[in-house]
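Everything below concerns the one structure shown next.
Since every read-out is calculated from the coordinates, none of them should be taken as a lab result. Note that the coordinates shown come from a computational prediction; the quantities given were computed from them, not determined experimentally. Note that each Cβ is placed from the backbone with ideal geometry, even for glycine, and that neighbours are counted across all protein chains shown.
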C-alpha cells in the first residue's frame, strides 16, 4: 500500500530516506545534469531527439541509483509529481552544498 502525503513538506523527508546512499544521489545528480544539458542542446538545435535523451538520461540516472545502490523502487513509481519536484530540490541542495553528494 502506498502512503499518501498531504504536502510536499511531508513527502520530502521520506524522499531523502530513499536516497540515503551517496552513490544513488550521485547517479541522480549526473542524470539530472545530463537532462539539463540535453534540453539546452535541444534549444540550440531544435532536434527533438535531444528531448528523448533528456528523459532517458534523467530517469536512467535515477533508476541506476535505486536499482544498483539503494536496492529500492524509485518513489516516482508511486508518487510521480512529488518525486519530480523532490528530485529538483535535492539537485539544488546538492549543487548548493546543503546536501552531500
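Only residues that are in a helix (DSSP H, G or I) and closer than 25 Å to residue 9 by Cα were counted across the range 37-78, and they come to 11. Scanning the range 1-32 for residues that are under 22 Å from residue 99 (Cβ atoms) and free of Cβ contacts under 8 Å to residues at least 40 places away in the same chain yields 7, 9, 10, 13, 17, 30, 31.
Check residue 81 against each of (1) in contact with a helix residue (DSSP H, G or I) (Cβ under 8 Å, 6 or more places away or on another chain); (2) in a helix (DSSP H, G or I); (3) closer than 21 Å to residue 8 by Cβ and name the one condition it does not meet. Result: residue 81 fails condition (1) only.
Quick one: in the range 35-59, which of the residues that are touching a helix residue (DSSP H, G or I) at 6+ places or on another chain (Cβ under 6 Å) and surrounded by fewer than 17 Cβ atoms within 10 Å (Cβ to Cβ) is nearest to residue 101 (Cα to Cα)?
The initial filter retains those residues of the range 35-59 that are touching a helix residue (DSSP H, G or I) at 6+ places or on another chain (Cβ under 6 Å), namely 35, 38-39, 41-42, 50-51, 53-54, 57-58.
Checking the rest, the ones that are also surrounded by fewer than 17 Cβ atoms within 10 Å (Cβ to Cβ) come to 39, 41, 51.
Working: 39: 23, 41: 26, 51: 26 Å.
Checked the range 35-59; the qualifying residue nearest to residue 101 (Cα to Cα) is 39.
Of the residues making up the range 71-83, not a single one is surrounded by 12 or more Cβ atoms within 10 Å (Cβ to Cβ), farther than 27 Å from residue 4 by Cα and within 11 Å of the chain's Cα centre (by Cα).
Return the only residue of 23, 4 being surrounded by fewer than 17 Cβ atoms within 10 Å (Cβ to Cβ) and either part of a loop (DSSP other than H, G, I, E, B) or within 12 Å of the chain's Cα centre (by Cα) (or both).
Matching residue, one of 23, 4: 4.
Screening residue 63 on (1) free of Cβ contacts under 8 Å to residues at least 40 places away in the same chain; (2) over 12 Å from the mean Cα position of the chain (by Cα); (3) within 20 Å of residue 78 (Cα to Cα) shows it passes everything except condition (2).
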